[in-house]
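The values are calculated or read from the model by the stated rules, or taken from the named source; none is laboratory data. As the structure is a prediction and not an experimental result, all values here were calculated from the model. Note: ideal-geometry Cβ built from the backbone for every residue, glycine included; neighbour counts use all protein chains shown. Surface areas here come from the heavy atoms of the whole protein model, side chains and all, with no ligands, DNA or RNA. Shrake-Rupley method; radii C 1.70, N 1.55, O 1.52, S 1.80 Å.
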Amino acid sequence: GIKRAVCAKFDEDFKQAIVEQEIEYSARVRSVRNVTFMTVLLFLLYLTIGCLYYTRWSSDAKSGLSGDNNGQQWPLEEALIFLVYTCSTVGYGNHSIPSTPRDRVATIIFIVVGIALATVFLSEIFQYVVIQAT
């Protein structure tokens, strides 16, 4: 009698705990995926705006003053690799540095935003790995 009732209650509580754990797990995975997706979209937007800035809107692109480009606009691949180098904090130093104060301020903003996006993206990947490991 009583033993069976206690065992049945433990079984019921155990099943309920398993269901709650599965719900929590799926919610965590969904949250990490959503944040990662938004971060990737924001990073692509960051790269798009940065490339447009350095190839079209910067003072160097307009006047052709960008160092080793011989009076021409920054090529798209140069702008893209410059953004990736700066947001990853690699900065090999093989790119011309923007020369006007406005372009330097824009570069600082691109660096700060890029580092923040890269950090969030890497932390979300780490969280996903941790969730899968547990």
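Summary of values
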| read-out | value |
| --- | --- |
| Contacts under 9 angstrom Cβ, first residue in segment 85-99 being under 20 Å from V120 (Cβ atoms), partner among the polar types (S, T, N, Q) and outside any helix (DSSP H, G or I), 6 or more apart | Y85/N94 |
| Segment 108-134 - residue that is more than 13 Å from V29 (Cβ to Cβ) and polar (S, T, N, Q) and, of those, least open to solvent (accessible area, probe 1.4 Å) | S123 |
| Qualifying residue in segment 36-52 (condition: surrounded by 17 or more Cβ atoms within 10 Å (Cβ to Cβ), modelled with pLDDT under 90 and over 29 Å from A133 (Cα atoms)) | no |
| Qualifying position, being touching a Pro at 6+ places or on another chain (Cβ under 9 Å), part of a helix (DSSP H, G or I) and not polar (S, T, N, Q), among A106, A116 | A106 |
| Test: residue in segment 12-19 that is in a helix (DSSP H, G or I), under 31 Å from the mean Cα position of the chain (by Cα) and either on the phi < 0 side of the Ramachandran plot or among the small types (G, A, S) (or both) | no |
| Residues that are in a helix (DSSP H, G or I), hydrophobic (A, V, I, L, M, F, W, C) and either closer than 16 Å to L117 by Cβ or touching a Phe, Trp or Tyr at 6+ places or on another chain (Cβ under 8 Å) (or both), drawn from segment 77-96 | A79, L80, F82, L83, V84, C87 |
